[in-house]
Amino acid sequence: MLTTDDLRDFPFFSDLSTEQLADIAKHAADISLETGQYAAHRGEDPAFFAVLSGQLELTRVVDGVEQAMFKRPAGQMYGEVQLTYGVQFIASVRATEPTRVLRLDAKQYARLAADAPEFARKVRELAEYRITGPTGYQGMAAEQRPPQVTLYGSRWGDACLGFREFLNRNQISFDWVTPDEADAASRWKGPLPADADGPVLQTADGTTLANPSFRELAERLGLHTEPEEAEYDTVIIGGGPAGLAAAVYGASEGLRTILVECQAPGGQAGTSSRIENYLGFPHGISGDELANRALHQAGRLGAEIVVTRRAVRVDAERRAVILDGDQSLIARTAIIATGVGWRRLVVEGFDRLTGKGIYYGAARSEAPLMQGLDIHLIGAGNSAGQAALFFANHARSVTLLVRGDSLEKSMSQYLIDQLRSKSNIKVALGCEVRGVHGTDHLAAIDIVERGGDATRQETCGGLFVFIGADAETGWLPAEIARDPRGFVLTGPDVRAAGQWSLDRDPYLLETSLPGFFACGDVRFGPVKRVAAAVGEGSMAIAFVHQYLREVASGRQ
């Protein structure tokens, strides 16, 4: 955690009072970067970065090659142009050596600037120099779009959490106003809603929506919620990595392709704060960023993406996928990529505090809520390890609660090594949560060690659960065979279960209903990885082509 002594010698903070330094230390993220790791990427929202030690460099991709532009050594800052002119980052910034940086988001910087005019003046003058000076980059900045939505709701509320996830994952810019903020009235157009109204949203044109459905909000924002056609070459159900990969390859190969997603693209991977073992991203990528890139790619190639629509059943005889509202899509082929849902932990009080300090999975958007708190994570897999490393940049302490006696049985070694290098991360083996405490929000948890009856209570500002996942496939027809846990059988497993009716063998990803395929985590199989899901999504399209050729030749 940052201290005032860490900040006192930073040149831009020389005129700040001890109280102002203490406020920065309280709200700023303390980020340690290894050589080559990124502090920010091109296109991200404005933030203030102070280089406390080491060095950053600004990079841009030119003709497919990443090129270094400018250096920011210790004692310098980055983000002055973005904060002064209200634009997104126009370059990525990475460490050229082991580097420690302080990060303030735009909201906290604005508060500091208002309280310290001299500090704000120095940052503003530096921004002007960066643009117009002899080594500046005038013309690179682009105007930032104003927020499309203002969300008014409590910090501790499951519904408010759901709207924030929906807006983030659909790439809708928004401002979040909580009732306890001093400037709430100035950021909301008109009288503030009554707290009892629950989450209230206001669109850029002034329309106010009190706790709307995701579908209603999506339609108001102009998101695509209605299929354009009645028949498709392939209907993809689910917008996680597998579904998005299938959409990219299906559209790129000329198939009439539609992807139907019940909320927002990203799937369970969209809640992963960091994926570090995905091919092509040597310094890692967040789940939502990966999903956003894939979504843009699928749309650019011509796939139709429909959100806030749920597939409720499959009519095997008509070969139709039925959406909510009893809307039918005739599917020459279909790809089931609905993924899995986080398994729920059965502990007294969990349901009452879910979204109010207890969360399943961990998206990057939750990090500011954990600033300076003592938090706990339950789980021993890669998702838990990635989340622990990410939250360690914001929380005062992170405790990983593990039922087993080691991490090596379930977590990749590179993550274990990184966890051990973080001074504010503790791994508690042989432990489980037996109780939770709090009224409006989570305040503490009860922990018991394996083999003992003694319970200890620990302060807890946030509890994140990663205990595995289950397939949610009860809506599928009997013609599509599943294992006892709901995972869809495909290929040889269909034949072994005696569920195949044709003379030919089922394709590797084909379900017991010919021409309907399954890929990603929803498919029965031992490998549950983002890379595997993406690979299966692309493979499914290859099998779609084979199936359609068979149908066209009359061999089916």
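The values are calculated or read from the model by the stated rules, or taken from the named source; none is laboratory data. As the structure is a computational prediction, the values presented were derived from the model and not from experiment. Methodologically, a virtual Cβ is constructed for each residue, glycine included, from the backbone with ideal geometry; neighbour enumeration extends over all protein chains shown. Quick note on the areas: whole protein, heavy atoms, side chains included, nothing else; ligands and nucleic acids left out. Shrake-Rupley method; radii C 1.70, N 1.55, O 1.52, S 1.80 Å.
Below is a table of values for the structure above.
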| item | result |
| --- | --- |
| Selection status of SER410, outside any helix (DSSP H, G or I), open to solvent by 40 Å² or more (accessible area, probe 1.4 Å) and in contact with a Gly (Cβ under 8 Å, 6 or more places away or on another chain) | yes |
| Checklist (1) open to solvent by 20 Å² or more (accessible area, probe 1.4 Å); (2) modelled with pLDDT of 90 or more; (3) assigned to a helix (DSSP H, G or I); (4) in contact with a Pro (Cβ under 6 Å, 6 or more places away or on another chain) applied to ALA159, failing item | (2) |
| Failed criterion for ALA428 (all others in (1) modelled with pLDDT under 95; (2) under 21 Å from SER406 (Cα atoms) hold) | (1) |
| Among the residues listed as ARG103, ARG94, ARG60, the single one being touching a Leu at 6+ places or on another chain (Cβ under 9 Å) and among the basic types (Lys, Arg) | ARG94 |
| Residue list for segment 445-474, restricted to those being touching a residue at least 60 places away in the same chain (Cβ under 8 Å), among the β-branched types (Val, Ile, Thr) and not in a loop (DSSP other than H, G, I, E, B) | ILE445, THR459, VAL465 |
| Of all residues making up segment 423-442, the number that are open to solvent by less than 50 Å² (accessible area, probe 1.4 Å) and touching a residue at least 40 places away in the same chain (Cβ under 8 Å) | 6 |
| Members of segment 114-126 that are open to solvent by 20 Å² or more (accessible area, probe 1.4 Å) and within 24 Å of VAL177 (Cα to Cα) | ALA114, ASP115 |
| Single residue of segment 378-432 satisfying the filter (under 23 Å from the mean Cα position of the chain (by Cα) and basic (Lys, Arg)) that is nearest to GLU458 (Cα to Cα) | ARG396 |
| Count - residues of segment 267-301 that are surrounded by 15 or more Cβ atoms within 10 Å (Cβ to Cβ) and on the phi > 0 side of the Ramachandran plot | 2 |
| Listing of strands (runs of 3 or more DSSP E) fully contained in segment 310-360 that carry 1 or more residues being among the polar types (S, T, N, Q) and under 30 Å from GLY535 (Cβ atoms) | 327-336 |
| Residue within segment 436-444 that is modelled with pLDDT of 95 or more, closer than 27 Å to GLU34 by Cβ, more than 21 Å from the chain's Cα centre (by Cα) and in a loop (DSSP other than H, G, I, E, B) present | no |
| Out of GLU44, GLU80, sole residue that is out of contact with any Ser or Thr (no Cβ under 8 Å at 6 or more places or on another chain), acidic (Asp, Glu), surrounded by 20 or more Cβ atoms within 10 Å (Cβ to Cβ) and without any contact (Cβ under 8 Å) to a residue 60 or more places away in the chain | GLU80 |
| Selection within segment 325-352 - within 21 Å of THR234 (Cα to Cα) and loosely packed, with under 14 Cβ neighbours inside 10 Å | GLY325, ASP326 |
| Qualifying positions in segment 96-111 - open to solvent by 10 Å² or more (accessible area, probe 1.4 Å) and touching an Asp or Glu at 6+ places or on another chain (Cβ under 7 Å) | THR96, PRO98, ALA106 |
| THR234 vs. criteria among the hydroxyl-bearing types (Ser, Thr, Tyr), closer than 14 Å to LEU295 by Cβ and buried (at least 24 other Cβ atoms within 10 Å of the Cβ) | no |
| Every residue from segment 213-252 that is without any contact (Cβ under 8 Å) to a residue 24 or more places away in the chain and on the phi > 0 side of the Ramachandran plot | GLY222 |
| Restricting segment 520-556 to residues that are in a helix (DSSP H, G or I) and open to solvent by 60 Å² or more (accessible area, probe 1.4 Å), the residue that is farthest from GLY254 (Cα to Cα) | SER553 |
| Candidates ASP503, ASP493, filtered to the one that is part of a loop (DSSP other than H, G, I, E, B), acidic (Asp, Glu) and open to solvent by 50 Å² or more (accessible area, probe 1.4 Å) | ASP503 |
| Members of segment 241-266 found to be open to solvent by less than 10 Å² (accessible area, probe 1.4 Å) and modelled with pLDDT under 95, listed by number | ALA264, PRO265, GLY266 |
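Table: residues versus (1) surrounded by fewer than 24 Cβ atoms within 10 Å (Cβ to Cβ); (2) at positive phi.
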site	(1), (2)
GLY361	yes, yes
SER365	yes, no
LEU373	yes, no
GLY385	no, no
ALA388	no, no
ARG396	yes, no
